[in-house]
Amino acid sequence: MEEAVARVRNYINRHALIEKGDRVLLSLSAGKDSMFLFHVMNLLSAEYSLRVGVFHLNHLMRGADSDRDEIHVATLATSHGIDVFIERHDFDRNRRGGRSLEEPAREKRYALLSEIAGSHGYNKIATAHTGDDQIETVLMRIFTGTGIHGLQGIPARRDAIIRPLLGLSSTDIYEYLNSHGIVWFEDVTNTDVSRARNYIRHEIIPVIRKRFPMMRDAIQSLSEVAAETVSLLNELIAVKFPYEHCVSGNDVYIDVEMLLKSYPAFCHAVSTAIRVYFKHQTNRTMLAELYSKCLVDRANVGLFRDKRIRVDKVFRDGRIHLRISPGIPADPVPAEWEYVIDLDDFQERKLDLREIGVSVTVKPADYEYFQKFNKNNRYIFVTLDEGMKSLYIRNRRKGDTLRTEYGTKKIKELLIENKFDAVTKNRVPLLSDGSTVIAFMPGLLFDIPNRVASDFLVDKKDIKVLAVFKN
């Protein structure tokens, strides 16, 4: 039965999951996989000179059973002289809109793991995912739609998170625990086949395994081949279609100027970025929609949005980029067109606002420059907050307002006051920090005074000023 420990050691070494002297935080339930992870990591701790800690999240969903699991994990860790971190969260009470508990529970667990690891000096986080979890994950992705990225399944390592048990099956673990008299507790919710993963585990896999007994090895091999193929594609595409990812705050920019020449290369690069930076799986329908919309001859346009991510086509430094951002609420509706102004190491730059046929210059300015051109309707001056990372020039959105000296004014009212027709209303540019309108800028189109939000008006005390003017 010690073969299971040797296989874990070999898996750790083959994937370089642990180095001597690592501090590893174990994410444990009281289930069989977690109990095996606890015991095997303790056995290997001397060999790798590890400092091990234990984390447990009580979901408060199973009454006395939840408390029993918490006590068992805490007692086990304490009896071995291991630091233990217990957190409690009532997911049922905090559930919104009938949302499944699985995803928020997972998000909360990883957020707490990261926070505790960072606060207490753990450089690795180990989870108890096994080869059976790998099979279930790959099958779920196949059934719900996936590409080659999804076929990789659960990675052995992602950032600080390691999964040393992926080389073992549930059978291996049951045999080890039983032979060593190690106690674990079954989670009764794992038998609920209304949950997709449990349905695959209890209803689908047994049928497949009966007909194809080597399915586990076949799927594991498929995952490894997919991972190798993705790695090779990354190298080859970067040579033939040079592109780069640029991270700015919460946004990721992909230079797709060259990638648009090849649909497969575009799909691979975009799906890779979404998966790596946003932990979000894509599908062929989504990628096809992104590609076809990106080919439309419009400078800046929203391409895709859901609760987790938003993708926009933007021009950055004169080249076509995709900007991938965290998902935003359903309202307000995204702008039809939008141009980003990156304020990091900001210098003068020109923007061609193609949708309205206007070219503008955006530059830092001082108070003297402001006094010289402030009365010119072609010029807009605003102060900048120190923490600002990006600004946007865009057309209006539903619900946009401008804070004036006399109170909040709807952009819709300003457009009506100027008697703009329906077409012109969507052409008048606004300056925004992403959530707040900073300036209403009809002067870029007509000889009409611009309006700047009261919080961003320029006075002598301001030291950081932004000027926007029509070329």
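The values are calculated or read from the model by the stated rules, or taken from the named source; none is laboratory data. Owing to the predicted nature of the structure, the values given are computational and were not obtained by experimental measurement. Positions of Cβ are generated from backbone atoms using ideal geometry, with glycine treated the same way; all protein chains shown enter the neighbour counts.
General observations
- Of the residues making up segment 145-179, those that are among the polar types (S, T, N, Q) and touching a helix residue (DSSP H, G or I) at 6+ places or on another chain (Cβ under 8 Å) are Gln152, Ser169, Ser170.
- Count of residues meeting criterion [in contact with a helix residue (DSSP H, G or I) (Cβ under 8 Å, 6 or more places away or on another chain) and either crowded, with 22+ Cβ neighbours inside 10 Å or modelled with pLDDT under 90 (or both)] in segment 108-124: 1
- Restricting segment 416-454 to residues that are modelled with pLDDT under 90, part of a helix (DSSP H, G or I) and not polar (S, T, N, Q), the residue that is surrounded by the most Cβ atoms within 10 Å (Cβ to Cβ) is Lys425.
- Against the test of being in a helix (DSSP H, G or I) and modelled with pLDDT of 90 or more, the options Ala105, Ala128, Ala77 yield a single qualifying residue, Ala77.
- Residue in segment 271-283 that is within 27 Å of Pro429 (Cβ to Cβ), surrounded by 19 or more Cβ atoms within 10 Å (Cβ to Cβ) and modelled with pLDDT under 90 present: no
- Scanning segment 456-466 for residues that are under 32 Å from the mean Cα position of the chain (by Cα) and in a helix (DSSP H, G or I) turns up at least one hit.
Here is a yes/no grid of residues against (1) farther than 21 Å from Asp459 by Cβ; (2) not small (Gly, Ala, Ser):
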{"residue": "Ile320", "(1), (2)": "yes, yes"}
{"residue": "Ile324", "(1), (2)": "yes, yes"}
{"residue": "Glu338", "(1), (2)": "yes, yes"}
{"residue": "Arg354", "(1), (2)": "yes, yes"}
{"residue": "Gly357", "(1), (2)": "yes, no"}
{"residue": "Gly387", "(1), (2)": "no, no"}
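- Filtered residues of segment 286-305 (kept if over 27 Å from Val358 (Cβ atoms), exposed (fewer than 15 other Cβ atoms within 10 Å of the Cβ) and either touching a strand residue (DSSP E or B) at 6+ places or on another chain (Cβ under 7 Å) or modelled with pLDDT under 75 (or both)): Glu289
- Among the residues making up segment 1-28, those that are hydrophobic (A, V, I, L, M, F, W, C) and either in a loop (DSSP other than H, G, I, E, B) or closer than 17 Å to Ala46 by Cα (or both) are Met1, Val5, Ala6, Val8, Ile12, Ala16, Leu17, Ile18, Val24, Leu25, Leu26, Leu28.
- Tabulated pairs, segment 136-148, first among the charged types (D, E, K, R), second assigned to a helix (DSSP H, G or I), C-beta under 8 angstrom, 6+ apart or interchain: Glu136/Arg197; Glu136/Ile200; Glu136/Arg201; Glu136/Ile205; Arg141/Gly150; Arg141/Leu151
- Any hit, segment 394-414, residues being basic (Lys, Arg), out of contact with any Cys (no Cβ under 9 Å at 6 or more places or on another chain) and within 18 Å of Lys363 (Cα to Cα): yes
- Residue check: Gly318 meets all listed conditions (1) more than 19 Å from Asn250 (Cβ to Cβ); (2) assigned by TED's automatic domain parsing to the domain that holds Lys261; (3) surrounded by 13 or more Cβ atoms within 10 Å (Cβ to Cβ); (4) not hydrophobic (A, V, I, L, M, F, W, C) but one, namely (3).
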